[in-house]
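Worksheet: one structure, shown below.
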Amino acid sequence: MAPVNMTTSVSSVILLVAFLSTPHTSAYSDYSTKCSQDSPCMGVQSWSKDDISGNGVVSYTTSQENEDRLTKRVTSFEESDNGGWQKIKLDPSVTYQKIQGFGGALTDAAAITINTLNPEMQTKLLENYYSAEGIEYTVGRVPIASCDFSTGVYSYDETENDFELNDFSIAVDSTEITGNKLNLIKTVLEMTVNKISLFASPWAPPAWMTQTNSTVGNPSLRDEPEVYQSWALYFSKFFEAYRNEGVDFWAVTVQNEPAGNTGAWQDLKMSPEQQRDFVKNYLGPQLESTDPDLKIMMHDDQRVHLPTWTSTILDDKDANKYIDGIGLHWYSEVEDYVTWATKPFDKMNDVNGKYPDKFMMGTEACNGFIPIIDQGPKLGDWNRGERYGFDIMSDLNAWAVGWTDWNIALDLSGGPNWAKNVVDAPILIDTEAGDVFYKNPMFYYLGHFSKFIKPGSVRIGVESTGNLISAPMEAAGFLTPDGEMVVVVMNRDIAGHKYNIELPGKGFINVDVPKHSIQTFIFEQ
């Protein structure tokens, strides 16, 4: 994960100035939900086909002003609208991208922190994410070897110049150093009610493969063919080792944040040209021979870089043929405070128009990453939930096939993180208590998408309008593989609103929405 990189990007400095000019306050209210042995968190109430038969509608609401947290209600379509100034009109005849899913990263830090809970509470925490009573994640990200959310730097082959990788081993992933990360992954795969699409991302190769014999300070690979080939082989060895443990992957990103981070933790710096050449000459052919069904995502970096990186790599036919998708991070937009200036979603729309056969996937996001100004957890901060909701919805409406949070759980200080790059997470754990964790508003905002928009769902046409007094509601609509329609609507305003959702030929869903809230509606087409 990379906060704004002041040393390498003038645009990042401009973005930070914009962030500083945006009103902020250090005071905030705690809207978290405490889960403990004595007072376990309630799950999400399920819905049935009977709830939505005919004109039935199921809604789920999370709002700041009351205790709604994915609270279920049953209502129905009506023949006329409620006269609200804000109107949402659905057009299921217009379809866009197919959804892959939503989820979070299974990091060393997450595994280590979850292990501090007693076994019963560990299970309850994971059920909150993966069970039918939880928010039903369908995507998981796994770092290849160490990252900043580890307790130190390690690789899977420390033997210098072992180009054949004879000493390659993932044994460390089953030790206390990683919190037995492999066991966490296996547990998740066993308990989930959905198929989990796992994708892997490397932060850095073994130090001996870099020009500086180090994995910090934004190093590059040694400019030697045998090193490039060995690094490509490292990917295959990783997937083979995990496959032997019963863990299969859907996709891999070529490199986490190849444009560089602050230099304080692991990275491998690549220019667009270097990534293009590595993919077409080494990684693509290597994975084609050993893992032909594995999807390859380029970029895995800030959306601000999209135009240059996609044109450089995808306009090369020899690299293009190996690339399936494009990974996206949100940090360069400073948590979307300055999207009016940077226009990341316009960039995404442009990329889809130019390369419609390549999917785009949100591969990393978190709150609390800006040093000094806004770093670390803010237990129960509602604004951070709304930022998630805005980014997820905006990405989906700009052709993203899914969205991946960073660590699924951290401690109350935002770690462990060996580089002191602490951040926030949807679930924070009291590591001293052993039976207490907290669900932040981010958890619920994510759940409004992950629980109801199943893999294989297709985004549909949504027209959201307001008037001179009220801006349009933020909304996105989907048709699920089972034939239901799902609409997510967000109100980030300081006031409640009356609005309606129209499905032509069926009628209107009339809504009085609270301030600072998000709602999901499910009904038959």
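Across the range 200-220, the number of residues qualifying as under 22 Å from residue 272 (Cβ atoms) and over 28 Å from the mean Cα position of the chain (by Cα) comes to 4. Taken together, 424, 430, 435 contain a single residue that is within 19 Å of the chain's Cα centre (by Cα) and under 28 Å from residue 193 (Cβ atoms), which is 424. In the condition set (1) surrounded by fewer than 18 Cβ atoms within 10 Å (Cβ to Cβ); (2) under 18 Å from the mean Cα position of the chain (by Cα), residue 329 is compliant with all but (1). Check the range 180-199 and report whether any residue there is at pLDDT 95 or above, in a loop (DSSP other than H, G, I, E, B), under 25 Å from the mean Cα position of the chain (by Cα) and more than 30 Å from residue 132 (Cα to Cα). Looking for residues that are at pLDDT 95 or above, in a loop (DSSP other than H, G, I, E, B), under 25 Å from the mean Cα position of the chain (by Cα) and more than 30 Å from residue 132 (Cα to Cα), one finds none in the range 180-199, hence no. Would you please name the residue that is farthest from residue 455 (Cα to Cα), looking only at residues in the range 197-220 that are touching a helix residue (DSSP H, G or I) at 6+ places or on another chain (Cβ under 6 Å) and buried (at least 20 other Cβ atoms within 10 Å of the Cβ)? Among those residues, the one meeting the criterion is 209. Take the conditions (1) surrounded by fewer than 22 Cβ atoms within 10 Å (Cβ to Cβ); (2) farther than 30 Å from residue 216 by Cβ; residue 418 misses just one of them, which is (2). Inspection of the range 168-175 finds a residue satisfying the criterion of being assigned to a helix (DSSP H, G or I), without any contact (Cβ under 8 Å) to a residue 60 or more places away in the chain, out of contact with any strand residue (DSSP E or B) (no Cβ under 8 Å at 6 or more places or on another chain) and surrounded by fewer than 16 Cβ atoms within 10 Å (Cβ to Cβ).
Pick from 430, 435: which is without any contact (Cβ under 8 Å) to a residue 24 or more places away in the chain, in contact with a strand residue (DSSP E or B) (Cβ under 8 Å, 6 or more places away or on another chain) and either closer than 30 Å to residue 90 by Cβ or surrounded by fewer than 19 Cβ atoms within 10 Å (Cβ to Cβ) (or both)? It is 430. Might you check whether a residue that is without any contact (Cβ under 8 Å) to a residue 60 or more places away in the chain and either in the same structural domain as residue 343 (by TED's automatic domain parsing) or surrounded by 22 or more Cβ atoms within 10 Å (Cβ to Cβ) (or both) occurs anywhere in the range 260-268? No, that holds for no residue. Has the range 332-341 got any residue that is part of a helix (DSSP H, G or I), out of contact with any Leu (no Cβ under 8 Å at 6 or more places or on another chain) and crowded, with 23+ Cβ neighbours inside 10 Å? Checked against the condition, which is being part of a helix (DSSP H, G or I), out of contact with any Leu (no Cβ under 8 Å at 6 or more places or on another chain) and crowded, with 23+ Cβ neighbours inside 10 Å, the range 332-341 yields no hits at all.
Does at least one position in the range 390-409 carry a residue that is in a loop (DSSP other than H, G, I, E, B), at pLDDT 95 or above and surrounded by 24 or more Cβ atoms within 10 Å (Cβ to Cβ)? So far as the range 390-409 goes, yes, one or more of its residues are in a loop (DSSP other than H, G, I, E, B), at pLDDT 95 or above and surrounded by 24 or more Cβ atoms within 10 Å (Cβ to Cβ).
Restricting attention to the range 27-79 and to residues that are among the aromatic types (Phe, Trp, Tyr) and assigned to a loop (DSSP other than H, G, I, E, B), the residue that is surrounded by the most Cβ atoms within 10 Å (Cβ to Cβ) turns out to be 31. Kindly evaluate residue 2 against the criterion of being surrounded by 16 or more Cβ atoms within 10 Å (Cβ to Cβ), in the same structural domain as residue 385 (by TED's automatic domain parsing) and either among the small types (Gly, Ala, Ser) or modelled with pLDDT of 80 or more (or both). So residue 2 does not fit the description; no. Can you pull out the residues in the range 52-100 that are closer than 24 Å to residue 129 by Cβ and free of Cβ contacts under 8 Å to residues at least 60 places away in the same chain? Of everything in the range 52-100, those that are closer than 24 Å to residue 129 by Cβ and free of Cβ contacts under 8 Å to residues at least 60 places away in the same chain turn out to be 67, 71, 72, 73. Here residue 215 fulfils each of the conditions (1) within 30 Å of residue 456 (Cβ to Cβ); (2) modelled with pLDDT of 95 or more; (3) among the β-branched types (Val, Ile, Thr) apart from (1).
The values are calculated or read from the model by the stated rules, or taken from the named source; none is laboratory data. Bear in mind that the values here come from a model prediction, so they are computed numbers and not experimental data. Cβ: placed from backbone, ideal geometry, glycine included. Neighbour counts: every protein chain shown.
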